[in-house]
Amino acid sequence: MNQPLAGDRNPQTRGVSLARVLAVTQGDRPFVNEMEGEFAKDAVAAMKGLETAASRGDTASARKYAHSLKGLAATADAVTLTDLATRAELAAQAGDLTSLTPLSAAIAPEVEAVAQGLREIWGETA
């Protein structure tokens, strides 16, 4: 049986809500590790897709990638990344490349921050 994760040491680690991670994983240590790995892989792919789509003016693809990022960020309750991805999705939907390009650039450091936060949470629970 897995030991429960410690939930009160660092409630907000680099934009990631420890309470949300605990709720999603139900204190399952291997699942936290899996969540971190999947987030890192999927979010980086979506972020790169968004950047490429925005640079090409492909707002339909940009909207799809931003929507994926929004869902990934919301799972970890990463508020800043969720907000940026939502704004990018809306800009893409509106065909607003003037807003979409800087939003896609601002997302990259947030993706890394959330991935780092999940790694730190995993480190606290290992």
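The values are calculated or read from the model by the stated rules, or taken from the named source; none is laboratory data. This structure is a prediction, so every number in the text was calculated from the model and none was measured. Please note: Cβ atoms are built from the backbone with ideal geometry, for glycine as well, and neighbour counts cover all protein chains shown.
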Residue pairs meeting the criteria (Cβ under 9 Å; at least 6 apart or on separate chains; first among the aromatic types (Phe, Trp, Tyr), in the stretch 28-40; second surrounded by fewer than 17 Cβ atoms within 10 Å (Cβ to Cβ) and not in a helix (DSSP H, G or I)):
Phe31/Asn2
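Can you tell which of Asp77, Asp96, Asp58 is at pLDDT below 95 and in contact with a helix residue (DSSP H, G or I) (Cβ under 9 Å, 6 or more places away or on another chain)?
Asp77
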